[in-house]
């Protein structure tokens, strides 16, 4: 009697620093981490520059702190104002809390820096995009009756450092923006020197590759199925990375090329997208693009703080 083939054992992983990682998860909700003495000292606006109209009462630090708490606990603007008032009373901080309309107006023009850890030396970046819903019908109605006209999305483009797992650049665009059009603006945001660019086939465009070559950035991008070699025969020009990639794929196969080039690192961008949606949901609360851009930037900054607090270390078993 022929014995049925046994199923291969599914790999599992075991976290080796659970005590430290568990403490970092607890600290994410520690309100004193986000609303500390340094924030209170910088609460009032200095008004160093002249402006038309009434001078600001609250500094950018104060506004960003309240908006950060709003994203951390997924609060509407009005509840953020109430939360801030109660927090000031509990901490004995003699500061005035901006009303919800001020928070909404200041959020549209707030410049948020997502970098919380400076990189030493050149870095690699993995780039990808995902969609976040702004407003529209629920998933059940879409499945039952199809997509309606009021279903609207924004596209979030991220650049992630695969070594530190931090997000080094982010932009928010309309749903119709191609991934290749976002590559250059993303790279211009990165403060460190970029050594290697990892992207999927959507970034296989000559405008993207030409820009990467002009900046001396190594390209790890799979060519399209119908890709052809651009430079043939003897030429004095520097060989194109895309042509060399195509030659290797034709010689060894695409799977072997991915293994030799380390293409699997690109999955870390998808991991960052998963963390973004797991921690903050798959929709945006704001309705206007400037406020949505600030909302996404604050979420990315929060994720970077989470990474600095602690990451799980694991071994496969």
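The values are calculated or read from the model by the stated rules, or taken from the named source; none is laboratory data. Predicted model only: the values in this text are computed from it and were never measured. Here the Cβ is made from the backbone with ideal geometry for all residues, glycine too, and neighbour counts use every protein chain on show.
Scanning region 237-290 for residues that are more than 23 Å from residue 163 (Cβ to Cβ), in contact with a strand residue (DSSP E or B) (Cβ under 6 Å, 6 or more places away or on another chain) and surrounded by 16 or more Cβ atoms within 10 Å (Cβ to Cβ) returns a single hit, 284.
Just to verify a result, which residue in region 138-163, among those that are modelled with pLDDT of 90 or more and assigned to a strand (DSSP E or B), is nearest to residue 187 (Cα to Cα)?
So the residue we want is 159.
Taking strands (runs of 3 or more DSSP E) as the structural unit, those lying wholly within region 164-279 and holding at least 3 residues that are within 16 Å of the chain's Cα centre (by Cα) correspond to 167-174. Among the residues making up region 9-22, those that are surrounded by 12 or more Cβ atoms within 10 Å (Cβ to Cβ) and out of contact with any strand residue (DSSP E or B) (no Cβ under 7 Å at 6 or more places or on another chain) are 17, 18, 20, 22. Every condition in (1) closer than 20 Å to residue 67 by Cβ; (2) at pLDDT 95 or above is met by residue 116 except one, and the failing one is (2). Inspection of region 296-312 finds a residue satisfying the criterion of being on the phi > 0 side of the Ramachandran plot, touching a helix residue (DSSP H, G or I) at 6+ places or on another chain (Cβ under 9 Å) and in contact (Cβ under 8 Å) with a residue 60 or more places away in the chain.
Got at least one residue in region 62-74 being under 28 Å from the mean Cα position of the chain (by Cα), without any contact (Cβ under 8 Å) to a residue 12 or more places away in the chain, closer than 28 Å to residue 309 by Cα and not in a helix (DSSP H, G or I)? Yes, the conditions are met somewhere in region 62-74. Among the residues making up region 84-116, those that are under 24 Å from the mean Cα position of the chain (by Cα) and in a helix (DSSP H, G or I) are 103, 104, 105, 106, 107.
Take residue 78 and decide whether it is at pLDDT 95 or above and surrounded by fewer than 18 Cβ atoms within 10 Å (Cβ to Cβ). If you could, list the steps in order and put the result at the bottom.
Details: at pLDDT 95 or above: yes; surrounded by fewer than 18 Cβ atoms within 10 Å (Cβ to Cβ): yes.
So residue 78 passes the test.
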